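Visitor: Below is the structure I would like to discuss, written out as structure tokens.
The values are calculated or read from the model by the stated rules, or taken from the named source; none is laboratory data. Since the structure is predicted, the reported quantities are computational estimates derived from the model, not experimental observations. Here Cβ is always computed from backbone atoms with ideal geometry, including for glycine, and neighbour counts include all displayed protein chains.
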Amino acid sequence: MGKAFRPPAGRARGAVWAAVLTVAGLNTGLALWVRAHPEVRDPLYFPREDLLAGRYTRPTADRVTVVALGSSRTANAFHPPTVEAEVTAATGRPCLAFNMAMPGSGPLTELLHLRRLLARGIRPDVVLVEITPAMCAVPETFFLRPDRVSRAELQTLAAVGFADDQYRAEWWEATVNSWFGLRFQLLGAVRPKWTPPGVPRVAHEFPDPSGWNPWREVVTPAVHEARLALARHEHFATLQHLDAIGEVPRRALLEIFATCRREGITAVAVLPPEGNDFRSWYGPGAQRVAGELLNLARSATGGWAVDAREWLPDDAFVDGHHVLEWAAPGYTARLARDLLVPALVTDPDRATPALAREAAGRSPVRGDGRP
């Protein structure tokens, strides 16, 4: 029998080095491309930012810009067209309102989204910040995965105590081996249906150009009970056992308000609507935390924070805390009249002389929404 052919050792080593250099080149190339195209990292967020930027960059004299940050609760409940109408009626100025809220967003994600807007050159006049006890108790690691943030954002998270050694290590793994670390984002861009449940997908279409995400569903009693049971499963234990604001969420909220002050942005805060069932799940500690959050926000914003938990009837919710489409405009109208417009016209940098005189008799709203 003839001897098996064996390539020279030098040729084998060359093939190995060629493979190594090819992989390194592919990873380096993808890493550089992702740095230039951050939307690859976070396809759930950046298409929304692009939508806002497209409207923000259209020059409009004396325009007021209002942006809402928060979770799916604000995404469903905050109706930008209503804000625009209320602000224009009260101030005589054109208004651009946009809903930047996204599912799973707590204080950390709100902070990153605010920083991203500013980095894009989008500087709102007013920023609405959602505050909820549940989102200030649970970690945001499910949605705020390391592969979704940039290096600068990693430092932002570390500054408020979130990015520990494990989180940093996972970030480096996703960066050094981008083809693996960003595999779901890349797959989602070309074959969204192939991505596993829970993986952020590229948003190709939006239900509303203002960023609003209306909950459009026929809610029968059976649907309501099923949705309420799911909400109870997700939140009951947290609200029963919550006894303090997490240190990381607290620091993130304070940094949001500090960033707004530095940038000359009027910050306001809201604890969004909840049904009677949902509110009944609050233990004594969660009730105390709700008050502490409102006090923190009032202290940091000059008093501009409201407790809107009791603003809507039970039939306005699909599950006790997500607002149905029909209820969003009414809730937003009250939010604009009780919080957004008063904060806007009281700010000497944003009010016209006539509005400033009118606002002189106003006082900031308390945590319960009363002057």
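Visitor: Would you check which residues across region 213-269 are touching a Ser or Thr at 6+ places or on another chain (Cβ under 8 Å) and closer than 19 Å to residue 73 by Cβ and list them?
Guide: 213, 267, 268, 269
Visitor: Can you spot a residue in region 195-204 that is part of a helix (DSSP H, G or I), outside the structural domain of residue 316 (by TED's automatic domain parsing) and either β-branched (Val, Ile, Thr) or modelled with pLDDT of 95 or more (or both)? Give the derivation first.
Guide: Start the filter on region 195-204 by keeping residues that are part of a helix (DSSP H, G or I), which leaves none.
No: region 195-204 contains no residue that is part of a helix (DSSP H, G or I), outside the structural domain of residue 316 (by TED's automatic domain parsing) and either β-branched (Val, Ile, Thr) or modelled with pLDDT of 95 or more (or both).
Visitor: Of these, 6, 48, 35, which one is modelled with pLDDT of 60 or more and either within 21 Å of residue 122 (Cβ to Cβ) or of a type outside the set (Ser, Thr, Tyr) (or both)?
Guide: Details: 6 fails: modelled with pLDDT of 60 or more; 35 fails: modelled with pLDDT of 60 or more.
Exactly one of 6, 48, 35 is modelled with pLDDT of 60 or more and either within 21 Å of residue 122 (Cβ to Cβ) or of a type outside the set (Ser, Thr, Tyr) (or both), namely 48.
Visitor: How about region 327-345: which of its residues are free of Cβ contacts under 8 Å to residues at least 40 places away in the same chain and crowded, with 20+ Cβ neighbours inside 10 Å?
Guide: From region 327-345, those free of Cβ contacts under 8 Å to residues at least 40 places away in the same chain are 330, 334, 338, 342; that's our starting set.
Hit for region 327-345 is 342, nothing else.
Visitor: Which residue pairs have Cβ atoms under 8 Å apart, sit 6 or more places apart or on different chains, and have a first residue in region 252-279 that is among the basic types (Lys, Arg) and a second that is modelled with pLDDT of 95 or more?
Guide: Sorted first by the residue in region 252-279, then by its partner, the pairs are 261/267; 279/309; 279/310.
Visitor: Suppose we filter region 158-173 for residues that are part of a helix (DSSP H, G or I) and surrounded by fewer than 22 Cβ atoms within 10 Å (Cβ to Cβ); how many remain?
Guide: Step one: list which residues in region 158-173 are part of a helix (DSSP H, G or I), which gives 158-159, 165-173.
Right, trim to surrounded by fewer than 22 Cβ atoms within 10 Å (Cβ to Cβ) and you get 158-159, 165-170, 172-173.
Qualifying residue count for the region: 10.
Visitor: Picking from 279, 216, which residue would you name as being within 22 Å of residue 312 (Cα to Cα), modelled with pLDDT under 95, surrounded by fewer than 19 Cβ atoms within 10 Å (Cβ to Cβ) and not hydroxyl-bearing (Ser, Thr, Tyr)? Quick ask: steps written out before the conclusion?
Guide: Numbers: 279 fails: modelled with pLDDT under 95.
The conditions single out 216.
Visitor: If you don't mind, another one. Taking residue 78, is it of a type in the set (A, V, I, L, M, F, W, C), within 14 Å of the chain's Cα centre (by Cα) and surrounded by fewer than 24 Cβ atoms within 10 Å (Cβ to Cβ)? Working first, answer last.
Guide: Details: of a type in the set (A, V, I, L, M, F, W, C): yes; within 14 Å of the chain's Cα centre (by Cα): yes; surrounded by fewer than 24 Cβ atoms within 10 Å (Cβ to Cβ): no.
It is false that residue 78 is of a type in the set (A, V, I, L, M, F, W, C), within 14 Å of the chain's Cα centre (by Cα) and surrounded by fewer than 24 Cβ atoms within 10 Å (Cβ to Cβ).
Visitor: Suppose the filter is of a type in the set (D, E, K, R), buried (at least 18 other Cβ atoms within 10 Å of the Cβ) and within 21 Å of residue 117 (Cβ to Cβ); does residue 263 pass it?
Guide: Numbers: of a type in the set (D, E, K, R): yes; buried (at least 18 other Cβ atoms within 10 Å of the Cβ): no; within 21 Å of residue 117 (Cβ to Cβ): yes.
Against the criterion (of a type in the set (D, E, K, R), buried (at least 18 other Cβ atoms within 10 Å of the Cβ) and within 21 Å of residue 117 (Cβ to Cβ)), residue 263 does not qualify.
Visitor: Sort out which residues of region 64-92 are at pLDDT 95 or above and part of a loop (DSSP other than H, G, I, E, B), and write them in order of number.
Guide: If the condition is that a residue be at pLDDT 95 or above and part of a loop (DSSP other than H, G, I, E, B), then 70, 71, 78, 79 are the ones that fit.
Residue-by-condition table, conditions (1) assigned to a loop (DSSP other than H, G, I, E, B); (2) outside the structural domain of residue 334 (by TED's automatic domain parsing); (3) on the phi > 0 side of the Ramachandran plot:
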{"position": "102", "(1), (2), (3)": "yes, no, no"}
{"position": "110", "(1), (2), (3)": "no, no, no"}
{"position": "118", "(1), (2), (3)": "no, no, no"}
{"position": "124", "(1), (2), (3)": "yes, no, no"}
{"position": "135", "(1), (2), (3)": "no, no, no"}
{"position": "153", "(1), (2), (3)": "no, yes, no"}
{"position": "156", "(1), (2), (3)": "no, yes, no"}
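Visitor: Given the criterion over 30 Å from residue 275 (Cα atoms), over 14 Å from the mean Cα position of the chain (by Cα) and of a type in the set (Val, Ile, Thr), identify the matching residue among 149, 160, 126. Steps first, please.
Guide: Numbers: 149 fails: over 14 Å from the mean Cα position of the chain (by Cα); 126 fails: over 30 Å from residue 275 (Cα atoms).
Exactly one of 149, 160, 126 is over 30 Å from residue 275 (Cα atoms), over 14 Å from the mean Cα position of the chain (by Cα) and of a type in the set (Val, Ile, Thr), namely 160.
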